[in-house]
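Worksheet: the structure to be examined is printed underneath.
The values are calculated or read from the model by the stated rules, or taken from the named source; none is laboratory data. Computed from a prediction, not measured in an experiment: that's the story for all the values here. All Cβ positions, glycine included, derive from the backbone under ideal geometry; neighbour counts span all protein chains shown. Accessible surface is based on the protein model in full, side chains and every heavy atom, while ligands, DNA and RNA are left aside. Shrake-Rupley method; radii C 1.70, N 1.55, O 1.52, S 1.80 Å.
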Amino acid sequence: MNKQNVIDLRSDTVTRPTPSMRRAMAEAEVGDDVYGEDPTINLLERRAAEIFGKEAALFVPTGTMGNTIGVKLHTQHGQEVICESRAHVLNYELSMMAWFSGCVARPIASPDGILSWEQIRREVRPLSPYSAPTGLIEIENTHNMAGGTVYPVQAIEEICDGAHQAGLKVHMDGARVFNAAAHLGRSVREITAKADTVMFCLSKGLAAPAGSLLVGSASDMARGRLYRKRLGGGMRQVGILAAAGLIALEEMPGRLHLDHANAKFLADSLARLPGIRVPHRVETNIVVFDVAATGIDPAEFSARLKARGILINKIDATQLRLLTHNDATRADCERAAEVLAEVASGAMARSAG
Ligand code: TLP
């Protein structure tokens with residue numbers, strides 16, 4: 001299979017920088033960011049803080065580092081972090097909350113990945129002879145493994161108000177918070193106003209080659225800068241990445257509705273196929289689908305798609321996950337829908353025979 005014909009829906013992380021990003025990267029003004037002297041990084045951090053209505057921002061190489069610093073800022077060793085049971089911080093970050101912050105997760109299962117203050121309140125614990133105290137509430141918006149679901153603004157506000165009254169902070173893993181904002185037709189500033197820290201990624205739906213930002217108070221970001229250095233994230237002439245990041249931040253949010261429409265198109269096509277079930281509402285650019293009733297293992301389903309030029313990964317024993325993004329056009333999604341139908345009907349024919 002010629003690589004150019006491959007349609008890659010494994011993640012929105014696979015997006016390549018746009019031509020204007022590449023030009024901006026080539027021309028970026030740079031300096032040593034560990035000295036605070038990279039003008040393009042400084043500009044990106046100022047713009048991110050302004051867009052989110054927070055005092056300050058910190059550029060980090062990855063979302064994982066942004067979440068790691070977010071957790072560390074608000075917790076002490078021996079505390080619990082309340083999060084949803086399929087949260088990225090719990091399942092996909094190599095236990096960094098334990099490794100770096102000395103905390104354990106207190107997961108709460110929610111079918112659509114969205115938590116309410118009522119659910120969280122019941123899990124908040126004081127220090128006692130048997131229990132570790134709650135240190136932090138973490139929410140993921142959009143929720144990746146629940147299929148890109150979006151927190152209603154009111155739910156976020158109730159969680160933040162409840163947490164603050166209980167003396168707790170809220171960190172939002174907003175890797176795809178611009179997708180959430182696009183779905184709601186609200187600004188990221190409005191939907192994250194009450195969160196203490198927010199991490200968002202430039203390198204996913206916004207299509208930058210790398211980079212994430214943590215936003216929050218000036219004092220938290222100053223401490224965060226030291227944690228970033230400890231984690232090996234003190235980079236030097238990193239304005240080259242910030243130049244692409246600025247374009248991602250300014251130009252890319254306005255096109256996310258196209259990805260959402262493509263995801264909806266694929267979800268609707270999938271839901272019509274024999275043996276396939278889309279168990280969640282599709283609000284943004286992620287579609288999780290269950291192939292159990294086709295009688296075919298998801299790894300094998302993925303392999304058959306790959307043999308026909310469509311890359312979609314399995315995420316567990318019955319489900320696969322696809323993401324739409326800037327490098328997948330509507331025509332690509334139409335082709336993917338055809339191949340999904342071919343593989344699903346082949347699977348059904350085989351299991352019937
Ligand atoms: N998500 C990746 C994989 O790690 C699963 C993907 O392909 O979706 N928070 C959320 C909600 C994420 O989805 C991710 C990455 C991260 C944090 C971490 O970002 P990076 O990969 O930049 O460390």
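Given the structure, is Gln154 more than 18 Å from the chain's Cα centre (by Cα), more than 20 Å from Ala48 (Cβ to Cβ) and modelled with pLDDT of 95 or more? For Gln154, the condition - more than 18 Å from the chain's Cα centre (by Cα), more than 20 Å from Ala48 (Cβ to Cβ) and modelled with pLDDT of 95 or more - is met.
For beta carbons closer than 6 Å, sequence separation of 6+ or different chains, a first residue in region 197-222 that is touching a residue at least 24 places away in the same chain (Cβ under 8 Å) and open to solvent by 10 Å² or more (accessible area, probe 1.4 Å) and a second that is assigned to a loop (DSSP other than H, G, I, E, B) and among the hydroxyl-bearing types (Ser, Thr, Tyr), the qualifying pairs are Ala210/Ser203. When each of Ala180, Ala163 is tested for being of a type outside the set (Asp, Glu), open to solvent by less than 20 Å² (accessible area, probe 1.4 Å) and within 16 Å of the ligand (Cβ to nearest atom), the lone residue that passes is Ala180. Looking only at region 44-73, filter to residues that are part of a helix (DSSP H, G or I) and open to solvent by 30 Å² or more (accessible area, probe 1.4 Å); which one of those is nearest to Ala105 (Cα to Cα)? Result: Lys72. Residues in region 166-177 that are buried (at least 24 other Cβ atoms within 10 Å of the Cβ) and among the aliphatic types (A, V, I, L, M): Val170, Met172, Ala175, Val177. For region 104-148, the set of residues classified as among the charged types (D, E, K, R) and without any contact (Cβ under 8 Å) to a residue 24 or more places away in the chain consists of Glu118, Arg122, listed by residue number.
Looking across region 273-304, the residues that are open to solvent by less than 10 Å² (accessible area, probe 1.4 Å) and touching a strand residue (DSSP E or B) at 6+ places or on another chain (Cβ under 7 Å) come down to Asn285, Ile286, Val287, Val288, Phe289, Val291, Pro298, Phe301. Among the residues of region 1-43 satisfying the criterion of being within 16 Å of the ligand (Cβ to nearest atom) and closer than 18 Å to Ala244 by Cα, which is most open to solvent (accessible area, probe 1.4 Å)? This residue is Arg16. Does Ala263 satisfy being on the phi < 0 side of the Ramachandran plot, within 18 Å of the chain's Cα centre (by Cα) and open to solvent by less than 20 Å² (accessible area, probe 1.4 Å)? Spelling it out, Ala263 is indeed on the phi < 0 side of the Ramachandran plot, within 18 Å of the chain's Cα centre (by Cα) and open to solvent by less than 20 Å² (accessible area, probe 1.4 Å).
Count of region 106-145 residues, restricted to those that are within 16 Å of the ligand (Cβ to nearest atom) and either aromatic (Phe, Trp, Tyr) or farther than 14 Å from Val89 by Cβ (or both), is 4. Taken together, the residues in region 305-341 that are among the polar types (S, T, N, Q) and surrounded by fewer than 15 Cβ atoms within 10 Å (Cβ to Cβ) amount to 1. Restricting attention to region 283-314, the residues that are outside any loop (DSSP other than H, G, I, E, B), more than 23 Å from the chain's Cα centre (by Cα) and of a type in the set (D, E, K, R) add up to 3.
All of Leu115, Leu136 fail the test of being buried (at least 24 other Cβ atoms within 10 Å of the Cβ), outside any helix (DSSP H, G or I), in contact with a Ser or Thr (Cβ under 6 Å, 6 or more places away or on another chain) and at negative phi, apart from Leu136. If we keep just the residues of region 79-93 that are near the ligand (Cβ under 10 Å from one of its atoms) and part of a helix (DSSP H, G or I), which is surrounded by the fewest Cβ atoms within 10 Å (Cβ to Cβ)? For region 79-93, the residue satisfying everything is Asn91.
Could you list, in sequence order, the residues of region 4-37 that are among the acidic types (Asp, Glu), part of a loop (DSSP other than H, G, I, E, B) and in contact with a Lys or Arg (Cβ under 8 Å, 6 or more places away or on another chain)? Residue satisfying the conditions is Asp32 alone.
When Gly205, Gly233 are screened for being within 12 Å of the ligand (Cβ to nearest atom), touching an Asp or Glu at 6+ places or on another chain (Cβ under 7 Å), modelled with pLDDT of 95 or more and not polar (S, T, N, Q), only Gly205 passes.
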